[in-house]
Amino acid sequence: MTGETYRDFDATELFCPRCKRSLPVRKRLLLILPDGDKYDYTCSICGASVGDKLVHTKKSPVRLT
């Protein structure tokens, strides 16, 4: 097994401080940054933000002429 097999995980449940229990979450794109994409995890019951994730990407720079 290679070391790159488990590099990227997506959360399906996280603890919500408002609901006071672990619940399913929704992942949505929050920002597109030069070094990657930032995602926000929100509680599927109350809509509170319960976490975020930065996915580093190796995109070639866009050149405007």
Residue pairs within 8 Å by beta carbon, gap of at least six or interchain, first lying in the range 18-29 and closer than 10 Å to VAL50 by Cβ, second of a type in the set (A, V, I, L, M) and modelled with pLDDT of 95 or more, listed first then second, are ARG18/ALA48; CYS19/ILE45; CYS19/ALA48; SER22/LEU14; LEU23/LEU14; LEU23/ILE45; VAL25/LEU14; VAL25/VAL50
Of the residues in the range 23-56, those that are more than 19 Å from ARG7 (Cα to Cα), out of contact with any Asp or Glu (no Cβ under 8 Å at 6 or more places or on another chain) and part of a strand (DSSP E or B) come to ARG26, ILE32, LEU33, THR42, CYS43, VAL50
Given the conditions (1) surrounded by 15 or more Cβ atoms within 10 Å (Cβ to Cβ); (2) in contact with a Phe, Trp or Tyr (Cβ under 9 Å, 6 or more places away or on another chain), every one holds for GLY36 apart from (2)
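Among the residues that make up the range 57-65, is at least one of them assigned to a strand (DSSP E or B) and more than 15 Å from ASP8 (Cβ to Cβ)?
Step one: of the range 57-65, the residues assigned to a strand (DSSP E or B) are none.
No: the range 57-65 contains no residue that is assigned to a strand (DSSP E or B) and more than 15 Å from ASP8 (Cβ to Cβ).
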Matching residues in the range 35-60 (more than 14 Å from the chain's Cα centre (by Cα) and in contact (Cβ under 8 Å) with a residue 24 or more places away in the chain) number 3
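The values are calculated or read from the model by the stated rules, or taken from the named source; none is laboratory data. Being a predicted model, the structure only gives us computed values, none of them experimental. Neighbour counts are summed over all protein chains in view; Cβ atoms, including those assigned to glycine, are modelled from backbone coordinates with ideal geometry.
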